[in-house]
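The values are calculated or read from the model by the stated rules, or taken from the named source; none is laboratory data. Please read all numbers here as calculations on a predicted model, not as lab measurements. Every residue, glycine among them, receives a Cβ derived from its backbone with ideal geometry; neighbour counts consider all protein chains shown.
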Amino acid sequence: MTPTRAFLPSLSTKLAGIAAACWLAAGQAQATTTLAYDTYVQGSQNVTYNSVIPAHSDTYNAGESRFFRTDDGIASIFEAYCVDIFQYRSPSTNVYTLVGGIGYFGAEKASDLGRLMTLFDQWNGSTSITAQETGAVQMAIWEIVQETATLGGKMNYDLASGNFTETSTGIGTAAMAQNWLSSLGSVNSWYTVDVLTNPVYQDYMVLNKVAANNVPEPGSLALVVGGLAAMGSAARRRKTHTA
């Protein structure tokens, strides 16, 4: 995969519509919104993960999900990726609170998530975005958020080793995710990240442009690509960390 090319026109058009409808400013501390899950946008990939600490293993569907969002009575569409493996998505409409990404993830991980989404924004590897690409993005997000292993004083993101490991039944999906993870140090991030949180259900990532002058077209269209993948069933699970 070559993380130096621009978005496909079809994806740029899609993101332009999302940006117009779904922008959330980082400065809106403690802003709330409601989200209701709709469907997978491009389909999903089957992913199995293992967390050593805390001890937890499961198999989930990974991909970009679409939500109906409401702010002050105004409805829009929100497409998102998950940042929380210890909860399931909600089967109904719920209220979420916007919090800062650095406080939620730590400065290094927040920066790495911005770099990851910049690489995805630059990538152009097929005639259309499919479940493989969005599944790979979700795998890479989970690895960044959950991994604790370091190498040379920095986080060491390796899907096959460390505190958090992942595999996928989708051919080439894990390799695609690992390529992006291994390329994080070579890109300047176009985004900062925030998080929409809920005390019971999964939390979602929100992207914010660093500055208009730093984000070339069509990447500047991607003002928001948030965070939730559909994780198995909609069963409730207790939250194991506090954002």
Discussion item. Test of understanding: among GLU108, GLU79, GLU64, which residue is charged (D, E, K, R) and within 18 Å of ALA177 (Cα to Cα)?
Written reply: GLU64
Item to complete: Determine whether LEU98 is assigned to a helix (DSSP H, G or I) and hydrophobic (A, V, I, L, M, F, W, C).
Response: no
Item to complete: Give SER92, SER111, SER76 a once-over and let me know the one that is out of contact with any helix residue (DSSP H, G or I) (no Cβ under 7 Å at 6 or more places or on another chain), surrounded by fewer than 23 Cβ atoms within 10 Å (Cβ to Cβ) and outside any loop (DSSP other than H, G, I, E, B).
Response: SER111
Item to complete: Quickly run through the range 162-203 and pick out the residues that are surrounded by fewer than 18 Cβ atoms within 10 Å (Cβ to Cβ) and part of a helix (DSSP H, G or I).
Response: ALA175, ASN179, SER182, GLY185, SER186
Fill in: Out of TYR37, TYR60, sole residue that is closer than 30 Å to ALA149 by Cβ and in a strand (DSSP E or B)
TYR60
Worksheet item: Would it be correct to say that ILE85 is β-branched (Val, Ile, Thr) and more than 16 Å from the chain's Cα centre (by Cα)?
Response: no
Worksheet item: Out of all the residues in the range 135-160, which are acidic (Asp, Glu) and not in a loop (DSSP other than H, G, I, E, B)?
Response: GLU143
Item to complete: Count, please, the residues in the range 152-163 that happen to be at pLDDT 95 or above and either under 16 Å from the mean Cα position of the chain (by Cα) or closer than 23 Å to THR118 by Cα (or both).
Response: 5
Discussion item. Taking the criterion of being in a loop (DSSP other than H, G, I, E, B), at pLDDT 95 or above and surrounded by fewer than 21 Cβ atoms within 10 Å (Cβ to Cβ), would at least one residue in the range 204-224 satisfy it?
Written reply: no
